[in-house]
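First comes the structure, then the notes that go with it.
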Amino acid sequence: MCGIVGYVGKRNSQEILIEGLKKLEYRGYDSAGVAVYTNEGLQIKKSKGRLAVLESKLGEAPLAGHIGIGHTRWATHGKPSDVNSHPHTDNSSKFSVVHNGIIENYIALKEELIEQGHVFVSETDTEVISHLIASVYEGDIVKAVQKAVTRMRGAFALGVLTEYEPEKLVAVRLSSPLIIGVGEGENFIGSDIPAILEYTRNVYILNDGEMALLTKDGVTLMTLEGNFISREIFRVDWDIVTAEKAGFDHFMLKEIYDQPKAYRDTMGARIDESGSKVVMPEVRMTEQQIRNIRNVHIIACGTAYHAGLVGKSVIEKLARIPVETDVASEYRYRSPIITPETLVIVVSQSGETADTLAALREAKKNGARVVAVTNVVGSSVAREADDVIVTWAGPEIAVASTKAYTSQLIAFYLFGLYLGQTLGTIEPSYVSEVLAEMQQLPEKVEQILSQTGAIKEIAERIVAHKNLFFIGRGLDYAVALEGSLKLKEISYIHSEAYAAGELKHGTLALIEDDIPVIALATQEDLFEKTVSNIKEVKARGAQVIGLNIEGETELAKVADEVFSIPHTHQLLAPALSVIPLQLLSYYASLALGHDVDKPRNLAKSVTVE
Ligand code: F6R
């Protein structure tokens, strides 16, 4: 969980590395560093803290050179500090390494190297790599890296430089993402495409077990065993501005406002022209294979897990197949009953989340078919799944997920309808009715986004509180969980989400005078029961902020204030009701002066278990 960037060419590498790292700060931002080959040999500058700290250090004493590697870190082994920052080097300072991932056997390797006389200065696993490469180097950096990698266990992506061959940059990928950017007279490496998109749109996506040798004149792709690989260039056709803030104060706010487009793009060609059928050619299961499905497991982490909870209700209702939704880090260790008749759906915005990937592998090992719902084409999850439903939300930069979550909901609605129409568990007229409602969602989101004043005002009020509750029943409960996570994540205010009917079994003891309770009541079937639960908290002094469907008039009689979302099909309500909750957490974070896009202790892509 770190960001890597590398450059070889004619330009000043320092600038390219810093610009690239700025695009990768979402991967980690507790420290940063660069290594550049200069007239005085390989020089490293690194520092604890945000990239801006390194940038100002480099401003005072720039590193001039045409080849370099850079890194932005999210600490795993060893606290954030100058010395633990990457790049790392060996005792001769002739080798330099940046690394994303974990070397599982680093302690054994370190002990072995110490016995050989190597002296270590940091607490990191990465430093072992630079010493290991130095210890096996015999005049050919590619061979040395290959040899070193055979000794290393774990998941990693690497960028390597040596002063002995100052025109070469070596890149390695084993279970952590890495791409190669191909320019004219210059080449790049990056953990993600935005890092290099300013300079080139021509990209090679490295697969696991592959490496590359980059010089300014070319890129050679090969396996870790040294077999050459020929691969077509992938042309990136999305624009750099889609990865930038586009005039918004924060990425999160931009991404909240991107949602109508993300909904439209994710539905896109998946609704046939007549609007009566879902078409999903990317799901390559035959009708018989779909008929053979006995149960579904949905696996994900965090916000994606919350989308999976909505997915459970949707699939059970539309396809009448039993569904379990699991947190990925728990799934593997609870000996889940997976059979070849189990369909496993993994949900991951980044497609690189280590826990989700491990669960996917467990499912495949047990013979299940795996469908991935992901936002990143070419991600690890996408490459390892049998079928891939891409959520076309575009790059999500803010750590707090918004448009990726709602696009996952859209993907679940489409997939649920697709299963239902294939199995005949829903009438064609029902499919048409839901699809017609779905196509109106983008406009309805726009409607919510055009009246943010009331939410902003509520947000500014709730920040005075230390605790808060979100309650709801059925799908409203799933959305309450997401609203609560969002608020905790970026405002650092403690909140809990409860199934409204469960409060009286313990939690009601925590309700005291003036405590804010956000009550979701969008589900018609459950409305009266939810109102009874709202009365229970009101009776204990809570101030209730209700969320209902416009036109409904009863909630205002029990809640202190009510925010209404446009009318939609009951099943689709989460795709609208979560929007005010996203805005609530955004404005709360803003009011408290927090770093909205980069909340403390968190990183965008969690590639460690
Ligand atoms: C919260 C958030 C996280 C992610 C989780 C899974 O806003 O973004 O909870 O949802 O880390 O990440 P992905 O979807 O990339 O697997």
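The values are calculated or read from the model by the stated rules, or taken from the named source; none is laboratory data. Keep in mind that this is a model prediction, so the values were computed, not measured. Counting neighbours? That spans all protein chains shown, and the Cβs are built from the backbone with ideal geometry, glycine included.
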Evaluate region 410-422: report whether one residue or more is assigned to a loop (DSSP other than H, G, I, E, B) and surrounded by 24 or more Cβ atoms within 10 Å (Cβ to Cβ).
no
Here, helices (runs of 4 or more DSSP H) confined to region 269-376 with at least 2 residues that are more than 16 Å from the ligand (Cβ to nearest atom) are 287-291, 302-319, 354-365
In region 161-171, what residues are crowded, with 24+ Cβ neighbours inside 10 Å and either aromatic (Phe, Trp, Tyr) or touching a Leu at 6+ places or on another chain (Cβ under 7 Å) (or both)?
161, 169, 170, 171
Exception for residue 436 within (1) touching a Gly at 6+ places or on another chain (Cβ under 8 Å); (2) hydrophobic (A, V, I, L, M, F, W, C); (3) within 16 Å of the ligand (Cβ to nearest atom) falls at (3)
Members of region 64-114 found to be under 22 Å from residue 138 (Cα atoms), in a loop (DSSP other than H, G, I, E, B) and among the small types (Gly, Ala, Ser), listed by number
92, 93
Enumeration of residues in region 499-534 that are buried (at least 22 other Cβ atoms within 10 Å of the Cβ) and of a type in the set (Ser, Thr, Tyr)
522, 530
For the list (1) without any contact (Cβ under 8 Å) to a residue 24 or more places away in the chain; (2) of a type in the set (Val, Ile, Thr); (3) in the same structural domain as residue 407 (by TED's automatic domain parsing), I need the number of the one condition that residue 223 fails.
(3)
Being over 25 Å from residue 589 (Cβ atoms), in contact (Cβ under 8 Å) with a residue 40 or more places away in the chain and within 35 Å of the chain's Cα centre (by Cα) narrows 500, 521 down to just 521
Of all residues in region 476-493, how many are within 16 Å of the ligand (Cβ to nearest atom) and either at pLDDT below 95 or not small (Gly, Ala, Ser) (or both)?
11
List the number of the failed condition for residue 265; all other conditions in (1) part of a strand (DSSP E or B); (2) more than 16 Å from the ligand (Cβ to nearest atom); (3) within 20 Å of the chain's Cα centre (by Cα) hold.
(1)
Odd one out for residue 574, checked against (1) away from the ligand (no atom under 12 Å from the Cβ); (2) under 19 Å from the mean Cα position of the chain (by Cα); (3) in the same structural domain as residue 525 (by TED's automatic domain parsing)
(2)
Mind listing whichever residues of region 525-566 are at pLDDT below 95 and aliphatic (A, V, I, L, M)?
539
Going by what's in this entry, would residue 430 be described as in a helix (DSSP H, G or I), of a type in the set (Phe, Trp, Tyr) and within 11 Å of the ligand (Cβ to nearest atom)?
no
Looking at the structure I just gave you, is residue 404 surrounded by 23 or more Cβ atoms within 10 Å (Cβ to Cβ), in contact (Cβ under 8 Å) with a residue 12 or more places away in the chain and assigned to a helix (DSSP H, G or I)?
yes
Residue by residue through region 9-45, note down the ones that are surrounded by 24 or more Cβ atoms within 10 Å (Cβ to Cβ) and basic (Lys, Arg).
23, 27
Say whether the condition of being more than 16 Å from residue 70 (Cα to Cα), in contact (Cβ under 8 Å) with a residue 60 or more places away in the chain and in contact with an Asp or Glu (Cβ under 8 Å, 6 or more places away or on another chain) is met by at least one residue in region 154-163.
no
I need every pair where a residue in region 290-318 that is among the aromatic types (Phe, Trp, Tyr) has its Cβ under 8 Å from the Cβ of a residue that is within 13 Å of the ligand (Cβ to nearest atom) and part of a helix (DSSP H, G or I), sequence separation at least 6 or different chains.
305/328
Residue pairs qualifying under the 6 Å Cβ cut-off, at least six apart or on distinct chains, with the first in region 478-490 being free of Cβ contacts under 8 Å to residues at least 40 places away in the same chain and on the phi < 0 side of the Ramachandran plot and the second being aliphatic (A, V, I, L, M) and more than 8 Å from the ligand (Cβ to nearest atom), are 484/497
Please determine, by comparing only the residues of region 377-392 that are within 11 Å of the ligand (Cβ to nearest atom) and in a loop (DSSP other than H, G, I, E, B), which one is nearest to residue 572 (Cα to Cα).
391
Surrounded by 18 or more Cβ atoms within 10 Å (Cβ to Cβ), modelled with pLDDT of 95 or more and either of a type in the set (D, E, K, R) or in the same structural domain as residue 406 (by TED's automatic domain parsing) (or both), is that true of residue 456?
no
Taking region 503-515 and keeping only residues that are under 35 Å from the mean Cα position of the chain (by Cα) and not in a helix (DSSP H, G or I), one is left with 506, 511, 515
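Condition check ((1) touching a residue at least 24 places away in the same chain (Cβ under 8 Å); (2) within 17 Å of residue 69 (Cβ to Cβ)) across all residues:
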{"site": "189", "(1), (2)": "yes, yes"}
{"site": "201", "(1), (2)": "yes, no"}
{"site": "215", "(1), (2)": "yes, yes"}
{"site": "227", "(1), (2)": "no, no"}
{"site": "245", "(1), (2)": "no, no"}
{"site": "251", "(1), (2)": "yes, no"}
{"site": "259", "(1), (2)": "yes, no"}
{"site": "262", "(1), (2)": "yes, no"}
On the given criteria, is residue 603 surrounded by 20 or more Cβ atoms within 10 Å (Cβ to Cβ) and in contact with a helix residue (DSSP H, G or I) (Cβ under 8 Å, 6 or more places away or on another chain)?
yes
Out of 174, 197, 158, sole residue that is modelled with pLDDT of 95 or more and either buried (at least 21 other Cβ atoms within 10 Å of the Cβ) or touching a helix residue (DSSP H, G or I) at 6+ places or on another chain (Cβ under 9 Å) (or both):
158
